[in-house]
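Before any comments, here is the structure.
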2 protein chains.
Amino acid sequence: MRDFLPAEVRAREEVLATVRGVFESYGFAPLQTPAAERLEILWGRYGEEGDQLIFKIAQRGAKAGEEPDLALRYDLTVPLARVVAEYPGRVGRIFKRYQIAPVWRADRPARGRFREFYQCDVDVVGAGTGLADTEVVLVLTDALAAVGLKGSEVRVNSRRVLRGLIQSFGIDPSREAEVLTALDKLDKIGAEAVAEELATRGLAAADLLEALTGPADDLRARLAASDDGREGLAEVDRLTELVAPLVQEATVCFSPALARGLGYYTGPIFEVYVEGSASAIASGGRYDGLIGLFAGRDVPAVGGSLGIERIIPLVEAAEQRESPATVLVAVWDEGSRPDALATASELRAAGIPTEVYLGDDRVGEQLGYAASRGIPLAVLRGPREREQGLVTVRDLRTRAQTSVAEAELAGYIKQRGAT
Amino acid sequence: MRDFLPAEVRAREEVLATVRGVFESYGFAPLQTPAAERLEILWGRYGEEGDQLIFKIAQRGAKAGEEPDLALRYDLTVPLARVVAEYPGRVGRIFKRYQIAPVWRADRPARGRFREFYQCDVDVVGAGTGLADTEVVLVLTDALAAVGLKGSEVRVNSRRVLRGLIQSFGIDPSREAEVLTALDKLDKIGAEAVAEELATRGLAAADLLEALTGPADDLRARLAASDDGREGLAEVDRLTELVAPLVQEATVCFSPALARGLGYYTGPIFEVYVEGSASAIASGGRYDGLIGLFAGRDVPAVGGSLGIERIIPLVEAAEQRESPATVLVAVWDEGSRPDALATASELRAAGIPTEVYLGDDRVGEQLGYAASRGIPLAVLRGPREREQGLVTVRDLRTRAQTSVAEAELAGYIKQRGAT
């Protein structure tokens with residue numbers, strides 16, 4: 001788990017604020033769920049491997065010998081499903097929400113992976129139309145464009161396309177999940193290794209893999225032969241048609257081998273790549289079954305997620321200063337403290353973020369502090385200046401100094417536009 | 001632990017954004033620490049009762065029989081102390097940080113108390129001057145004024161005042177903590193009950209209580225007789241003098257009976273009250289010893305905290321709508337979907353937050369959805385309007401409808417200023 005010091009927080013926050021702005025421009029509304037859920041809500045939702053990565057807690061804290069009955073949230077989708085089931089009246093029939101929040105997994109920390117990391121989700125609950133899938137893809141590609149990641153490629157598929165294919169090659173439908181799990185590794189390990197892995201499980205899938213990577217027309221013809229195949233293809237084409245004219249500087253393509261790891265997808269699925277990213281930086285899909293597990297009624301849902309922890313390092317954010325202040329008011333001596341506080345208060349009232357130097361060091365060290373925190377301007381006032389009603393403004397980048405009349409200080413600084 | 005649905009999140013966020021703005025205007029910079037700390041960092045820092053309220057977790061998640069070695073953070077001050085000790089070079093000699101984040105306590109949930117709640121802290125590390133204490137008080141009272149809580153009263157005391165008094169009444173210095181804990185209840189249970197509680201512990205404190213609530217001159221005379229008393233009084237007077245001319249619509253007073261519960265305070269302490277709040281809604285003080293426990297060197301520090309969970313209900317926030325969107329684009333029929341998506345995309349590009357209706361219901365229900373989410377305007381377009389290049393804008397509050405030329409839609413909505 002990581003600490004983020006001020007300059008990092010400010011750089012991260014800049015990206016997140018942009019993303020939030022785009023989410024809200026689509027009418028997605030913020031939801032906040034607690035860090036901990038009841039263990040029974042999370043248990044068994046993420047597969048056996050997932051269960052092992054859940055951080056468990058006991059409700060009563062440190063009382064000895066108590067069984068854990070709470071757990072830190074593992075993702076943001078299951079808490080959403082719980083909320084939809086818990087407050088049907090308040091959530092309404094169609095619920096568009098976003099949530100940007102940390103999740104926790106008791107993983108062995110690997111390079112670039114952490115046990116606390118942020119997820120950044122948008123979901124539409126209650127709408128079964130292709131329009132909802134379209135908006136989820138659009139809001140994510142818009143958000144990527146807004147943070148400066150252009151030229152993205154949207155790869156679209158449908159779980160029904162895969163189901164149709166699996167059936168058409170005579171593979172036992174009960175083994176669909178195994179095939180999908182193996183297919184999900186195609187990008188990483190290649191077709192041969194996937195075929196081998198399936199073969200060791202007694203699944204002859206070489207033909208399937210060939211079809212997935214072969215000519216598109218052959219694949220379409222094969223899909224046309226089954227209900228699932230036809231419907232899946234229609235889903236893909238509809239989504240592509242609606243998305244293509246509106247994505248910003250992105251291309252959309254049918255990617256029949258795209259499988260996505262998670263078990264709960266039921267319809268269209270997608271991944272977004274940008275130049276320079278080896279893996280997808282956004283992804284999602286339709287999962288019409290999950291919320292029903294909690295709500296006890298059918299609730300269609302589609303959602304997507306920005307891989308925000310991978311995105312932040314890709315974004316060339318303006319370098320952030322440590323301090324949010326534009327001005328440091330230096331303190332000449334102990335007798336000048338009230339004067340320094342009053343000057344700072346006036347500058348703040350004029351909308352200029354201002355620090356007073358809070359230590360008891362000499363002015364030279366005070367200026368060094370300002371420079372080290374990235375504060376661009378310092379305001380100084382010795383006894384002689386005070387007599388004359390003047391203030392000295394020092395630019396810490398150029399070291400230029402200017403004398404300004406006391407009453408004109410705020411105006412002068414604003415006019416300089418130093419922020 | 002609570003869920004916050006969109007309108008609540010938006011109302012809370014409005015308050016927090018204002019507070020953050022004030023903190024940053026003073027040059028306090030954001031720090032983010034993880035939700036979990038190593039258990040050994042937290043254990044024993046909050047007293048025996050506090051230890052019992054720490055939520056413990058095992059690092060390896062669900063592995064059976066493993067001793068917990070992590071814990072959810074209990075406050076934001078101990079993690080700050082750990083950060084200062086861990087990254088001395090990056091933090092610098094004077095470190096002004098704020099953190100607004102949830103903390104967790106395994107408390108029995110009482111009315112208005114929760115096991116997950118937000119704390120909202122500002123601290124100055126590395127500055128031993130009264131200026132630092134002053135800025136902490138000022139930034140908190142400014143933040144209260146900025147969220148609309150005016151007329152606050154700042155009560156100031158110093159732990160050294162209390163130490164001087166305790167000594168002057170011949171009470172064993174080793175029992176100071178017991179006296180302070182009892183004094184902290186003065187507001188709640190009254191002087192008599194406090195005296196009784198101390199008496200049952202064998203502490204004769206009736207005189208002390210009388211002095212604390214008696215004439216100020218007598219008290220000052222008594223304090224003048226000891227080093228601690230004199231220095232404590234000087235701290236209080238210095239802080240009062242610096243703060244008084246600058247607090248916004250607030251009064252500052254010496255409040256000798258103010259004790260504050262936490263053990264780690266060493267110098268000036270304060271509480272802020274506003275009209276209508278029975279207990280303090282902001283508080284803090286100097287704690288010059290705590291960071292040294294982690295850093296292994298003396299590091300002065302002073303900090304304060306807004307009782308943000310108590311403040312939010314006091315703030316009369318503008319009622320927030322569920323949806324951040326200003327416009328709902330209704331979808332006439334399936335064939336109109338591309339048109340609706342394009343219209344929404346244009347409006348967003350013009351800076352107007354816009355939803356497309358994502359279900360497949362009739363227009364009447366679509367308008368009902370918009371009204372229920374607080375979206376003020378709907379945009380409609382039937383086949384006839386499309387032929388004529390027109391769009392209908394419906395105000396969902398007045399039900400007034402206007403026909404607007406397609407090309408003028410964004411301009412018309414912006415000119416209406418509906419947000």
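Out of the residues in region A:240-252 that are exposed (fewer than 14 other Cβ atoms within 10 Å of the Cβ) and in contact (Cβ under 8 Å) with a residue 12 or more places away in the chain, which is farthest from the other protein chains (Cβ to nearest Cβ)? This residue is A:THR251.
So that you can scan it fast, the table gives a plain yes or no per residue for (1) surrounded by 24 or more Cβ atoms within 10 Å (Cβ to Cβ); (2) facing chain A (nearest Cβ under 10 Å):
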| residue | (1), (2) |
| --- | --- |
| B:GLY263 | no, no |
| B:PRO268 | yes, no |
| B:ALA282 | yes, no |
| B:ARG297 | no, no |
| B:ASP360 | no, yes |
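Condition test on A:GLN59, is it free of Cβ contacts under 8 Å to residues at least 24 places away in the same chain, at the interface with chain B (Cβ under 10 Å from one of its Cβ atoms) and among the polar types (S, T, N, Q)? Yes: the conditions hold for A:GLN59. Of the residues making up region B:383-417, those that are out of contact with any Lys or Arg (no Cβ under 9 Å at 6 or more places or on another chain) and in a loop (DSSP other than H, G, I, E, B) are B:GLY389, B:LEU396, B:ARG397, B:THR398, B:ARG399, B:GLY417. When region A:272-312 is filtered for residues that are small (Gly, Ala, Ser) and without any contact (Cβ under 8 Å) to a residue 24 or more places away in the chain, the ones remaining, listed by number, are A:ALA278, A:GLY292. Apart from one condition, A:ARG93 fits all of (1) within 24 Å of A:SER283 (Cα to Cα); (2) more than 15 Å from the chain's Cα centre (by Cα); (3) not in a strand (DSSP E or B); the exception is (1).
Please determine whether any residue of region A:109-123 is polar (S, T, N, Q), assigned to a strand (DSSP E or B) and within 19 Å of the chain's Cα centre (by Cα). Scanning region A:109-123, I find at least one residue that is polar (S, T, N, Q), assigned to a strand (DSSP E or B) and within 19 Å of the chain's Cα centre (by Cα), so the answer is yes.
Note on region B:314-353: residues that are among the charged types (D, E, K, R), more than 8 Å from every other protein chain (Cβ to nearest Cβ) and in a helix (DSSP H, G or I) amount to 3.
Hey, among B:ALA110, B:ALA58, which residue is assigned by TED's automatic domain parsing to the domain that holds B:TYR287 and closer than 20 Å to A:GLU116 by Cβ? None of the others qualify; the one that does is B:ALA58. Within region B:314-348, the set of residues being within 40 Å of the chain's Cα centre (by Cα) and among the β-branched types (Val, Ile, Thr) comprises B:VAL315, B:THR326, B:VAL327, B:VAL329. Taking each residue of region A:1-28 that is more than 7 Å from every other protein chain (Cβ to nearest Cβ) and looking for partners that are surrounded by 21 or more Cβ atoms within 10 Å (Cβ to Cβ) and among the hydrophobic types (A, V, I, L, M, F, W, C) with beta-carbon atoms closer than 6 Å, six or more apart or interchain, yields A:VAL15/A:VAL147; A:THR18/A:VAL147; A:VAL19/A:ALA143; A:VAL22/A:ALA143; A:PHE23/A:VAL122; A:PHE28/A:VAL122. Being at the interface with chain A (Cβ under 10 Å from one of its Cβ atoms), over 20 Å from B:ILE100 (Cα atoms) and surrounded by 18 or more Cβ atoms within 10 Å (Cβ to Cβ) is the filter here, so list the residues in region B:32-49 that pass it. Residue satisfying the conditions is B:LEU39 alone. Could we say that B:PRO338 is modelled with pLDDT of 95 or more and surrounded by fewer than 24 Cβ atoms within 10 Å (Cβ to Cβ) here? In short, no.
Here is a yes/no grid of residues against (1) buried (at least 24 other Cβ atoms within 10 Å of the Cβ); (2) outside any helix (DSSP H, G or I):
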{"site": "B:GLU153", "(1), (2)": "no, yes"}
{"site": "B:ASN157", "(1), (2)": "yes, yes"}
{"site": "B:GLN167", "(1), (2)": "no, no"}
{"site": "B:ALA182", "(1), (2)": "no, no"}
{"site": "B:ALA195", "(1), (2)": "no, no"}
{"site": "B:LEU198", "(1), (2)": "no, no"}
{"site": "B:GLY202", "(1), (2)": "no, yes"}
{"site": "B:ASP207", "(1), (2)": "no, no"}
{"site": "B:ALA211", "(1), (2)": "no, no"}
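The condition (being assigned to a loop (DSSP other than H, G, I, E, B), without any contact (Cβ under 8 Å) to a residue 60 or more places away in the chain and of a type in the set (A, V, I, L, M)) is satisfied by just one residue among B:LEU262, B:LEU258: B:LEU262.
Among the residues of region A:301-343 satisfying the criterion of being in contact with a Lys or Arg (Cβ under 9 Å, 6 or more places away or on another chain) and hydroxyl-bearing (Ser, Thr, Tyr), which is farthest from A:ALA81 (Cα to Cα)? Taking the candidates together, the pick is A:SER336. Only one entry of A:ASP51, A:ASP75, A:ASP3 meets the criterion of being touching a helix residue (DSSP H, G or I) at 6+ places or on another chain (Cβ under 8 Å) and not small (Gly, Ala, Ser), and that entry is A:ASP3.
The residue pairs whose first member lies in region A:84-99 and is at the interface with chain B (Cβ under 7 Å from one of its Cβ atoms), whose second member is among the basic types (Lys, Arg) and in a loop (DSSP other than H, G, I, E, B), and whose beta carbons are closer than 8 Å, counting only pairs six or more residues apart or on different chains, are A:GLY92/B:ARG373. Taking the criterion of being at pLDDT 95 or above and outside any helix (DSSP H, G or I), the only residue of region B:76-90 that qualifies is B:LEU76.
The values are calculated or read from the model by the stated rules, or taken from the named source; none is laboratory data. Note that this is a predicted model, so its numbers are computed, not measured. Neighbour counts are summed over all protein chains in view; Cβ atoms, including those assigned to glycine, are modelled from backbone coordinates with ideal geometry.
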